[in-house]
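Engineer: The structure that follows is given in the form of structure tokens.
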Amino acid sequence: MPRCAVSALTLIAWLVAGVPASGQTGDPNEGRRQFKPCAVCHSFKPGEDRFGPSLAGVFGRKAAAVEGFPYSPALKASGLVWDESTLARWIEAPTLMVPGSAMNFPGIADARARADVIAYMREASGRAR
């Protein structure tokens, strides 16, 4: 198999693996606990940016869209829109998802923990289902 085909298959497997299984919902209470290290850099209060941008209303928002926040050129050019799928991949490995991103976070390898964090983020961002 050509090398580029193997690389493409590896990328597809990585992208699919980062998305929680269909129907898997996280526990927002556990997600709140998992989110504590994130709270050093991120707030859910509108307009309250820290080292990272406010996550208020993050679901459905285009990446790098908080007015006045100094995003990396890589994230600005990414074209991402934040939803469960993109957040799951981002939280797993932000610098692999968007090389050149300024987010200094190693990621969360455990899919269940990512689902919990996303459930908490959905609740805390004020956009509950």
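Engineer: Please report, in debye to the nearest 20, how large the charge dipole of segment 39-88 is about its Cα centre when each Lys and Arg carries +1 at its beta carbon and each Asp and Glu carries -1 there.
Structural biologist: Numbers: 5 positive and 5 negative charges, 17 e Å.
I would put it at about 80 debye.
Engineer: Under a 5 Å amide H to amide H cut-off, with H placed in plane at 1.01 Å, what residues pair with residue 81 once short-range neighbours are removed?
Structural biologist: Hits under the 5 Å cutoff: 63.
Engineer: So if each residue of separation counts as 0.36 nm, and I subtract the Cα-Cα distance between residue 76 and residue 51, what length gain in nm does that give?
Structural biologist: On the way: separation 25, 0.36 × 25 = 9.00 nm, distance 1.65 nm.
Extending this stretch completely gives an extra 7.4 nm.
The numbers here are math on the coordinates, done by the rules we state, and not lab data. Since the structure is predicted, the reported quantities are computational estimates derived from the model, not experimental observations. Cβ: placed from backbone, ideal geometry, glycine included. Neighbour counts: every protein chain shown.
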